[in-house]
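Participant: What follows is a single structure, and I will ask about it in a moment.
We did not get these values from a lab; they are worked out from the coordinates using the rules stated. What you are looking at is a predicted structure, and each value in this text was computed from that prediction instead of being measured. A quick note on method: Cβ atoms are made from the backbone with ideal geometry, for glycine too, and the neighbour counts reach across all protein chains shown.
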Amino acid sequence: MWLEIEVLHGMTEEVGAITGINISALAGMFPISRFNIANRMAWASRRVTTRPGDLVYCLLEIFEINMLLLYGEGSQKAFLQLQQEILHNLSDQSIFAWSNPGPPVRGGD
């Protein structure tokens, strides 16, 4: 585990450039909750998954949300449910202000 963290740490700038995720978040300098919802949504908007519903699953940790998802319910319904949970559980209204920063990034699915 330590070696993996060291390797990732050495690649923080490269991973940040590819994903658009703030380098401070990747390096663990600040907890993810320190970044507003608009920033996290922008990071997430570039993510591509092979299965439609998987996008929401991989976003739960980014938004620190725990919720029950029905696998196969469809990505639009699951994403709407995630947004509702964010609004219900977090006081950050910047969810209404995010924009897509660029083309999607393919994950290792």
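Participant: Being among the basic types (Lys, Arg) and part of a loop (DSSP other than H, G, I, E, B) is the filter; apply it to the range 25-71 and report the residue that is surrounded by the most Cβ atoms within 10 Å (Cβ to Cβ).
Facilitator: Looking at residues that are among the basic types (Lys, Arg) and part of a loop (DSSP other than H, G, I, E, B), I get 46.
Participant: Return the residues of the range 26-52 that are at negative phi and either without any contact (Cβ under 8 Å) to a residue 12 or more places away in the chain or touching a Leu at 6+ places or on another chain (Cβ under 7 Å) (or both); say none if nothing qualifies.
Facilitator: 29, 30, 31, 34, 37, 44, 47, 49
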